[in-house]
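To start, the structure itself, in C-alpha cells.
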Amino acid sequence: MQHIIIGAGPAGVVAAETLRKADPDAVITIIGDEPEPPYSRMAIPYYLIDNVGESGTYLRDPDQHFKTQNIEVVQQRVDKIDAAGKQLNLADGSTRAYDKLLIATGSHPVSPPIPGLDLPQVHSCWTLENARNIIRLAQAGSNVVLIGAGFIGCIILEALVKRGINLAVVEAGNRMVPRMLDENAGGLLESWCKKEGIDVHSSCTVDGIAAAEGELVEVSLSDGSKLSAALVITATGVKANIDLLQGTGIKTDQGIIVDHSMQTSEPDIYAAGDVAQGVDFSTGKHEVQAIQPTAADHGRIAALNMAGQGSAHHGTLNMNVLDTVGLISCSFGLWMGVEGGESAQLYNAEEYQYINLQFDGDHLVGASSVGKTQHIGVLRGLIESRIHLGVWKQRLMQDPTAIMEAYVGCTQELGYS
Amino acid sequence: MQKSLHIDPGKCTGCLQCEMACSYEHTGTFNPSRSFIKVFTFHHEGRFAPYTCTQCDEAWCVRACPVDAISIDAATGAKVVSDDKCVGCKVCTIACPFGTINYSQSTGKVVKCDLCGGDPQCAAACPTDAITYIDADWTGYDRMLASASKSLPSAEVTA
C-alpha cells in the first residue's frame with residue numbers, strides 16, 4: 001500500500017505518523033515544496049524574537065524522526081493530480097503512483113489589491129523564508145507598518161515590539177481580531193497595544209505603498225495619515241491552496257469539501273488541515289478553520305480512514321488562543337452567541353480581564369476571555385462534551401469565572417455517599 | 001503495573017497541603033497559585049475536589065503541540081513538557097478539554113502535572129488519603145477518567 005501525503009505541515013506529519021502506527025507495512029511518502037524540513041508556522045513568532053533558532057520551529061527532529069518512522073520526505077512541488085490514473089506529476093518531471101492520497105497543502109496569505117505590495121520592503125509573515133526577511137528588515141529603531149490585526153498579525157506583534165522597532169498597525173475592522181473576539185475583548189486588546197506604544201489604526205485601510213527616500217517606503221492610510229516605513233508586513237488573511245485540484249473534479253468551495261471521515265468527493269483522496277473544509281462542531285456546516293488543533297485532528301482522522309480503520313469525527317471545534325504583547329485572549333465555538341441563547345460576562349477594563357460565556361439552554365456553546373491563562377481548556381471540555389449544566393448554569397450566570405468548578409462539579413463524584 | 005493518581009473528593013478537607021507540596025517540588029517555593037494540582041471548593045455542597053491532569057490516553061496536549069515538546073514518560077505514562085522545546089504558543093492549553101495544562105507567564109512555558117517522575121508529592125503530602133498513587137486498574141480512577149472524558153465527541157473513533 002502506497003500512501004502519499006502532499007504537504008509537510010502539522011496535518012501531513014500527524015497523518016504520516018498515524019498511518020505508520022495503523023499500517024506498519026505501508027509505504028508512506030510526504031511531498032512538501034518548501035526548502036525546509038517539516039516545520040510549524042505556530043513557532044515563527046518565537047523564532048522572530050530569537051527564543052528559538054530555526055531548528056526550534058521543526059515539527060520533529062528532521063535527522064532522526066522520519067528515518068526511524070520509515071517515512072519518506074520528498075522536497076518537490078506537485079504539479080498535477082491524476083485522480084483517474086491515481087498518480088501525481090511532480091515539478092521535476094517524474095510521476096508518483098499512489099493507492100491513497102492525502103491533500104494537506106495548507107493555505108497561503110492573501111492581500112487586498114493595494115498598490116505597492118510588490119515593493120521589496122513588503123512581506124507577509126507565513127513561511128520561514130518570510131520570517132528571515134522580517135528579521136533582516138526589522139532592525140531596532142526602524143519603523144514598521146503591519147497591515148491586518150487578525151490572529152496572525154496580533155501573534156507577531158510581540159515579536160516585532162521586542163525587536164525594538166516602532167510599530168503601526170492598520171486594521172480594516174472596527175476592532176482588533178474581529179473574527180475571533182467580540183467588541184469588549186477586541187477593545188481591550190487595542191487599548192493594551194496602545195499602552196505598549198503601538199500606533200493602532202482600526203476602521204482604517206491602506207490606500208497605497210510608494211517607494212520613498214533611501215530604502216524606505218511611504219504608506220498612505222484611508223484616515224489621511226502617511227507613515228514612513230522600512231518594512232511593511234501584510235497579515236490580511238489566508239486562503240486554502242486548492243489550485244492543484246483544477247481538472248480533478250474534486251469538490252471545492254472555500255477549501256476542499258470533506259466528509260466526516262475526511263474523504264473528498266473522490267474515493268481514495270482525502271484532505272486535512274487548512275486546505276480542508278470539514279464539518280464544524282458547533283454549526284454542523286462545512287467550514288475552513290485553519291487552526292493548528294484542527295489540522296492535527298484532521299490529519300489523524302484522515303490517516304485512520306486511509307489505513308482502512310473506519311473512523312468518523314463529529315466535527316472540529318473552532319478555537320484560538322492568542323498572546324498579544326503579553327495579553328492573552330482565547331475564544332471557542334459560538335463565542336458570538338446564538339439566537340435565543342443567554343450569556344454571562346465579567347468585564348474589568350482597568351485590569352484587562354474579561355470572560356464571556358454563551359449558552360443555548362443549559363449547554364455552553366461558546367466562550368471567550370481576555371487575561372486568563374488558567375484552565376481555559378475546560379471551556380472546550382464544557383462545550384464539546386455538550387454537558388447539561390443543570391444547577392451550574394445559574395451559578396455560571398452569576399459567576400462566569402467558575403468554569404472549572406462547573407466542569408468538575410458536573411463530571412466528578414464529589415463524594416456524597 | 002503502571003500507577004495513577006487516585007482522587008477521592010469525599011476525603012478532602014481542603015487543607016491545600018497538596019498544592020503546597022506540588023509548588024515546592026516544581027518551583028522551590030510554597031506558592032499554591034503555581035501548583036499543578038488545584039483544590040476546588042464547592043460552597044453549596046460543602047465539599048472540596050482536588051483536580052489535576054489524568055494523563056489521559058487521548059493525550060490532547062501531545063497531539064496539539066506544534067513542536068513536539070510534550071512526550072510520554074515510558075515509566076510513569078505521564079505526559080511531560082520539555083522546557084527546552086516548548087515555545088509557549090499555548091495551543092495545548094486550549095486543546096486540553098480538562099483545563100489541566102496551563103501557561104505560566106513567569107516562565108513563558110506551559111506547565112502540567114508530571115507525576116513527579118513516579119513519586120507524586122501531592123499524594124505524599126495528603127493527610128487524609130484523598131489523593132493516593134495506586135495501581136492504574138483501580139476502578140475508582142477509571143471511573144474518574146471515564147467521567148472526565150465522557151462523550152468528548154471528536155475523540156471518539158467509531159466503526
Requested in this report: Of the conditions (1) surrounded by 19 or more Cβ atoms within 10 Å (Cβ to Cβ); (2) of a type outside the set (Gly, Ala, Ser); (3) more than 17 Å from the chain's Cα centre (by Cα), A:His314 clears all except one; give me its number.
Outcome: (1)
Query raised in the report: How do the strands (runs of 3 or more DSSP E) wholly within segment A:197-256 filter down when requiring 2 or more residues that are β-branched (Val, Ile, Thr) and in contact with a Leu (Cβ under 8 Å, 6 or more places away or on another chain): which remain?
Result: A:206-211, A:217-221, A:231-234
**Report entry** Given (1) touching a strand residue (DSSP E or B) at 6+ places or on another chain (Cβ under 6 Å); (2) part of a loop (DSSP other than H, G, I, E, B); (3) of a type outside the set (D, E, K, R); (4) more than 9 Å from every other protein chain (Cβ to nearest Cβ), number of the condition B:His6 does not satisfy
**Finding:** (2)
Requested in this report: For segment B:85-120, enumerate the residues that are within 11 Å of chain A (Cβ to nearest Cβ) and of a type in the set (D, E, K, R).
Outcome: B:Lys85, B:Lys90, B:Lys109, B:Lys112
Requested in this report: Answer yes or no as to whether A:Asn133 is touching a strand residue (DSSP E or B) at 6+ places or on another chain (Cβ under 9 Å) and without any contact (Cβ under 8 Å) to a residue 60 or more places away in the chain.
Outcome: yes
Query raised in the report: Residues in segment A:259-276 that are out of contact with any Phe, Trp or Tyr (no Cβ under 7 Å at 6 or more places or on another chain) and not in a strand (DSSP E or B): how many?
Result: 11
Query raised in the report: Here are some conditions: (1) over 23 Å from B:Asp68 (Cβ atoms); (2) within 14 Å of another protein chain (Cβ to nearest Cβ). A:Val321 meets all but one. Which one does it not meet?
Result: (1)
Query raised in the report: Taking segment B:56-74 as the region of interest, how many residues are in a loop (DSSP other than H, G, I, E, B) and either free of Cβ contacts under 8 Å to residues at least 40 places away in the same chain or within 19 Å of A:Arg300 (Cβ to Cβ) (or both)?
Result: 10
Report task. Quickly run through segment A:370-391 and pick out the residues that are at the interface with chain B (Cβ under 7 Å from one of its Cβ atoms), surrounded by 19 or more Cβ atoms within 10 Å (Cβ to Cβ) and either within 18 Å of A:Tyr347 (Cβ to Cβ) or in contact (Cβ under 8 Å) with a residue 40 or more places away in the chain (or both). Result -> A:Ile376, A:Arg380, A:Glu384
**Report entry** Test for A:Asp268: is it more than 14 Å from every other protein chain (Cβ to nearest Cβ), surrounded by fewer than 16 Cβ atoms within 10 Å (Cβ to Cβ) and in contact with a Cys (Cβ under 7 Å, 6 or more places away or on another chain)
**Finding:** no
Query raised in the report: Are there any pairs, at least 6 apart or on different chains, whose C-beta atoms fall under 6 Å, with the first in segment A:248-273 and under 15 Å from A:His3 (Cα atoms) and the second surrounded by fewer than 22 Cβ atoms within 10 Å (Cβ to Cβ), and if so, which?
Result: A:Tyr270/A:Gln263
Query - Matching residues in segment B:30-74 - criterion: being β-branched (Val, Ile, Thr), surrounded by fewer than 17 Cβ atoms within 10 Å (Cβ to Cβ) and within 11 Å of chain A (Cβ to nearest Cβ) - result: B:Thr41
Query - Meets criteria (away from every other protein chain (no Cβ under 14 Å), part of a loop (DSSP other than H, G, I, E, B) and surrounded by fewer than 19 Cβ atoms within 10 Å (Cβ to Cβ)) for A:Pro113 - result: yes
Query raised in the report: Taking A:Glu413 and the conditions (1) surrounded by 16 or more Cβ atoms within 10 Å (Cβ to Cβ); (2) within 8 Å of another protein chain (Cβ to nearest Cβ); (3) in a loop (DSSP other than H, G, I, E, B), which numbered condition does it fall short on, given that it satisfies the others?
Result: (1)
Report task. Go through segment B:75-85 and give me each residue that's surrounded by 18 or more Cβ atoms within 10 Å (Cβ to Cβ), part of a loop (DSSP other than H, G, I, E, B) and at pLDDT 95 or above. Result -> B:Ala78
Report summary line: Residue count, segment A:392-410, condition at the interface with chain B (Cβ under 7 Å from one of its Cβ atoms) and part of a loop (DSSP other than H, G, I, E, B), comes to 0
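This table checks each residue for (1) among the hydrophobic types (A, V, I, L, M, F, W, C); (2) surrounded by fewer than 16 Cβ atoms within 10 Å (Cβ to Cβ).
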residue: A:Ala168; (1), (2): yes, no
residue: A:Pro178; (1), (2): no, no
residue: A:Asp182; (1), (2): no, no
residue: A:Leu189; (1), (2): yes, no
residue: A:Lys194; (1), (2): no, yes
residue: A:Ala210; (1), (2): yes, yes
residue: A:Ser225; (1), (2): no, yes
residue: A:Ala230; (1), (2): yes, no
residue: A:Ile242; (1), (2): yes, no
Query raised in the report: If you take just the helices (runs of 4 or more DSSP H) that sit entirely in segment A:1-70, which of them hold at least 2 residues that are more than 12 Å from every other protein chain (Cβ to nearest Cβ) and modelled with pLDDT of 90 or more?
Result: A:10-22, A:65-68
Requested in this report: Using the structure shown, decide if A:His363 is crowded, with 23+ Cβ neighbours inside 10 Å, of a type outside the set (A, V, I, L, M) and not assigned by TED's automatic domain parsing to the domain that holds A:Gly187.
Outcome: no
Report task. Among the residues of segment A:71-89, write down those that are out of contact with any Ser or Thr (no Cβ under 7 Å at 6 or more places or on another chain) and either in a loop (DSSP other than H, G, I, E, B) or more than 18 Å from A:Val27 (Cα to Cα) (or both). Result -> A:Gln76, A:Arg77, A:Val78, A:Asp79, A:Lys80, A:Asp82, A:Ala84, A:Gly85, A:Lys86
Report summary line: Residue hits (segment A:277-293; in contact (Cβ under 8 Å) with a residue 40 or more places away in the chain and not in a loop (DSSP other than H, G, I, E, B)) are A:Gln292
Requested in this report: Being in a strand (DSSP E or B) and crowded, with 20+ Cβ neighbours inside 10 Å narrows it down to one of A:Ile328, A:Ile355, A:Ile301, so name that one.
Outcome: A:Ile355
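The values are calculated or read from the model by the stated rules, or taken from the named source; none is laboratory data. Because the structure is a prediction, the values reported are computed rather than measured. Here the Cβ is made from the backbone with ideal geometry for all residues, glycine too, and neighbour counts use every protein chain on show.
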